[in-house]
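Note sheet for the following structure.
The values are calculated or read from the model by the stated rules, or taken from the named source; none is laboratory data. The model shown is predicted, which means the values in this text are computed figures rather than measured ones. No Cβ is skipped: glycine too gets one built from the backbone with ideal geometry, and neighbour counts run over all protein chains shown.
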Amino acid sequence: MNAPYVAVFGGCNMDISGKSKTALLPHDSNPGDVSMTPGGVGRNIAANIALVGIHTKIITAFGDDDKKRLILRNAPEKLSFESSFTFGDVGTGSYLVVLDDEGEMAVAVNDMKAVDKLGREEMESRRELAEGASYTVVDANLKEEALQTIFSWNTRIIVDGVSAVKVGKFKPFLSKINVLKCNVLEARALSELGDGASISDCGRVLLEKGSEYVLITAGSDGAYLYSADQALHFTTSPMAIKGATGAGDAFVGMLTAELVQEKSLEEAIVGAMAASRMVLKSDHSDLSVFDRRQWEKEKKEIQYDII
């Protein structure tokens, strides 16, 4: 019997980050530190699923360049890029961010031309892979033509909204989504209720539009789960945060891994929030140093109630 696996469709790029050592001076060269690490929402989620032991197959796009080779070299053992595509006329995606001396973003540039080349033909060639997966995870970096193809398949789909700007791509497909995960800004944009709309109103509208489960993350206020049967509010104990980078990707990664192992959605959310806590409290942006005993301990810091 083949081991269960997850198919992930989404973005992959090289993250290039420059942090100034002093107050940022525009229009000049600023001394600082520059780092380069594999990134992209789809890749990050896929890596986290693989890091906790679930076989994961990512369908993304590369250029034939050194960035691709570096990303492949740094892939977790259970993450396969064999079903991804390489295009000779574009470079592998890049995300370039400049941070000030306090670590706040000053400006960023995102080059996703490779992923934009994924269309109907490329997606259709991966249909069998997706329909054989326990779950298919989709991020909003894909263009609508690719999304339209994926949502025509017979597979259980988990969606990550990525951003308030990009999440609107999912509007035509809400009735095809099993688990819709978005933050508050994304939920307001997707529900079309606008700024200031309550989380509960967003959840209700997105359910009415057809999503089976709506999961809205709200930072320090925890997470909200809406379904046809009930609404739940998940909260977490206070903690000292070292950095927020990667916590959302760890959340979706662990959520998916737990569902593959046939945990209830409530159990999966508790596990996902515990994984986020581990990232928030560490110097790492993923679950590369995942400690199951620590994770079990963090799960005890999560509570949920009917609302």
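Miscellaneous remarks
- Out of 82, 121, sole residue that is under 27 Å from residue 156 (Cβ atoms) and free of Cβ contacts under 8 Å to residues at least 12 places away in the same chain: 121
- Subset of segment 119-135 [in contact with a Leu (Cβ under 9 Å, 6 or more places away or on another chain) and closer than 17 Å to residue 252 by Cβ]: 134, 135
- Answer from 41, 52, 8 - the residue that is under 17 Å from residue 123 (Cα atoms) and surrounded by 15 or more Cβ atoms within 10 Å (Cβ to Cβ): 8
- Residue tally, condition farther than 18 Å from residue 147 by Cβ, surrounded by fewer than 19 Cβ atoms within 10 Å (Cβ to Cβ) and in contact (Cβ under 8 Å) with a residue 24 or more places away in the chain, over segment 199-218: 2
- A Cβ distance below 9 Å, combined with a sequence gap of six or more or placement on separate chains, defines the contacts here; from segment 289-307, residues that are without any contact (Cβ under 8 Å) to a residue 24 or more places away in the chain and assigned to a loop (DSSP other than H, G, I, E, B) reach residues that are of a type in the set (S, T, N, Q) and surrounded by fewer than 11 Cβ atoms within 10 Å (Cβ to Cβ) in the pairs 300/237.
- Test: residue in segment 177-198 that is farther than 22 Å from residue 264 by Cα, buried (at least 16 other Cβ atoms within 10 Å of the Cβ), without any contact (Cβ under 8 Å) to a residue 12 or more places away in the chain and not β-branched (Val, Ile, Thr): yes
- Filtering 297, 281 for residues that are more than 24 Å from residue 41 (Cβ to Cβ) and among the basic types (Lys, Arg) leaves a single hit, 297.
- Meeting the requirement of 1 or more residues that are more than 19 Å from residue 259 (Cα to Cα) and modelled with pLDDT of 95 or more, the strands (runs of 3 or more DSSP E) wholly within segment 175-237 are 179-183, 231-236.
- Members of segment 258-276 found to be farther than 24 Å from residue 200 by Cβ, over 16 Å from the mean Cα position of the chain (by Cα) and either modelled with pLDDT under 95 or not aliphatic (A, V, I, L, M) (or both), listed by number: 261, 262, 263
- Residue 286 vs. criteria of a type outside the set (A, V, I, L, M), crowded, with 22+ Cβ neighbours inside 10 Å, in contact with a helix residue (DSSP H, G or I) (Cβ under 9 Å, 6 or more places away or on another chain) and not in a loop (DSSP other than H, G, I, E, B): no
- Residues that are hydrophobic (A, V, I, L, M, F, W, C) and closer than 20 Å to residue 18 by Cβ, drawn from segment 65-121: 70, 71, 96, 97, 98, 99, 105, 106, 107, 108, 109, 112
- Just one of the listed residues (257, 268, 244) is closer than 19 Å to residue 177 by Cα, of a type in the set (A, V, I, L, M) and in contact with a Leu (Cβ under 7 Å, 6 or more places away or on another chain), namely 268.
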